[in-house]
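Have a look at the structure below before the remarks.
What follows is calculated from the coordinates using simple rules that are stated; it is not laboratory data. These figures come from a predicted structure and were not determined experimentally. A quick note on method: Cβ atoms are made from the backbone with ideal geometry, for glycine too, and the neighbour counts reach across all protein chains shown.
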Amino acid sequence: MSSTAHQGQRNLGIESYRCAQCGAQLVYQPGSTQLECPYCGHTTPIAPPAATVEEIPLVFSDKSRLNLELEEDRVVHCNSCAAEFSVGADEVTQSCPFCGSNVVVEAEPKHRIMPNGMLPFYFKEAKGREFLMKWLGSRFWAPNNLKQQALKHGRLDGMYLPYWTYDSDTTTQYTGMRGDHYWETESYTDSNGNSRTRQVRRTAWSFAAGTVFVEFDDVLVLATDSVSEKHGQRLTNWDMHELVPYERQYLVGFHTLRYSRDLERCWGTAQQFMQPEIDDAIRYDIGGDEQRITTKNTNYEANTFKHLLLPVFAGSYRYGKKNYNFLVNGRTGEVQGDAPISFWKVFFAVLLGLIIVGTIAYFYYQGEGSSSSRSSGSSFSNELPF
Ligand SMILES: [Zn+2]
Ligand SMILES: [Zn+2]
């Protein structure tokens with residue numbers, strides 16, 4: 001009942017989210033389940049989700065099973081960097097938030113795989129800024145005036161990023177080598193001409209082959225080229241157990257990036273992300289003290305995917321003559337970004353390192369041959385000027 005009413009509203013697009021009191025466009029209130037009018041404060045609850053977030057079978061041969069839908073929202077395309085993102089019905093977009101270019105045009109509606117799950121924003125931009133400042137303050141190698149500079153020139157833009165997640169049951173057949181350590185007694189002649197023996201470690205290699213099974217759940221792959229891949233992929237601290245079905249009302253007031261890396265391409269990326277864990281399983285299966293993997297052949301079965309929207313505050317700040325990008329996780333405050341490195345901090349660290357190495361070398365060569373070399377080695381640290 002409520003789900004059909006809700007469905008009807010969805011088809012009208014974002015312009016339907018109007019304030020009942022004054023007619024202004026409502027915006028989603030981070031951390032809540034309601035829309036709020038930024039002018040009169042009137043609030044409207046967002047209907048609780050009618051369904052749970054489901055895994056969709058990954059079948060490339062039959063596109064009809066992939067949830068392809070005609071785009072409902074107003075999407076703009078940047079002619080300069082190719083970013084595509086949704087904007088509110090009334091929103092005037094003069095410049096691209098990613099490259100600053102002002103050649104943004106309305107994109108033709110097209111068929112896309114629509115998101116089926118999301119995490120709504122949990123806090124507002126001001127809080128995101130606090131997380132950024134805390135992070136900047138914790139950059140050990142950063143210049144001391146970085147926070148003030150970033151505060152002056154920093155910019156944060158709340159947006160939802162598209163991701164794919166993949167589940168897979170993998171079966172891998174491998175061949176390899178197992179190395180077992182053993183000790184051998186070796187005879188040698190010391191510098192005084194006496195024959196002596198010593199223990200030497202050797203490795204016995206033997207052929208190994210087998211099959212390992214590894215199950216993967218929600219391997220997360222960034223689906224856009226519009227933010228730094230490094231940062232987008234390193235944001236991992238998501239509270240995935242709080243995932244809710246895709247709901248457009250959570251998007252109002254924020255930009256939402258459309259995927260530019262499709263399902264098939266990112267499935268390849270996901271398979272790469274799975275390799276280290278599969279290799280670990282193979283090494284464990286081979287056993288012994290050392291392992292070599294010669295061949296492996298992986299079958300991926302029971303493959304499913306989800307298309308998720310995850311909230312971030314994206315932005316950049318200027319320091320000196322350079323721009324530094326960052327992303328703040330809109331759920332947990334985790335920050336991934338670039339920070340300038342202070343020349344002087346690095347300079348003095350390297351200098352300090354050289355002094356320590358030089359001092360050790362000095363005492364080592366001074367004390368070499370004498371029986372007191374070890375005790376002088378432990379006392380010199382007190383004499384360092386730092
Ligand atoms: Zn209002
Ligand atoms: Zn652009």
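Looking at (1) in a strand (DSSP E or B); (2) farther than 28 Å from GLY315 by Cα, which one does VAL59 not meet, given that it meets all the others?
Tallying (1) in a strand (DSSP E or B); (2) farther than 28 Å from GLY315 by Cα, VAL59 fails exactly one: (1).
Which one of the conditions (1) under 19 Å from GLU229 (Cα atoms); (2) touching a residue at least 60 places away in the same chain (Cβ under 8 Å); (3) in a strand (DSSP E or B) does ASN323 fail to meet, given that it meets all the rest?
Unmet condition: (2).
May I ask you to list pairs of residues, at least six apart or on different chains, whose Cβ atoms are under 7 Å apart, with the first in segment 207-230 being farther than 12 Å from ASP167 by Cα and the second being in a helix (DSSP H, G or I) and of a type in the set (Asp, Glu)?
From segment 207-230, the pairs are GLY210/ASP285; VAL212/ASP285; LEU222/GLU229.
Considering only segment 26-50, state which residues are in a strand (DSSP E or B) and more than 9 Å from ligand 1 (Cβ to nearest atom).
VAL27, TYR28, GLN34, LEU35, THR43, THR44, PRO45
A quick yes/no check of all residues on (1) part of a strand (DSSP E or B); (2) more than 26 Å from VAL76 (Cβ to Cβ); (3) of a type outside the set (A, V, I, L, M, F, W, C):
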site	(1), (2), (3)
THR171	yes, yes, yes
GLY176	yes, yes, yes
THR197	yes, yes, yes
PHE213	yes, yes, no
ASP218	yes, yes, yes
ASN237	no, yes, yes
TYR250	no, no, yes
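Of all residues in segment 289-314, count the ones that are surrounded by fewer than 24 Cβ atoms within 10 Å (Cβ to Cβ) and among the small types (Gly, Ala, Ser).
Qualifying residue count, segment 289-314: 1.
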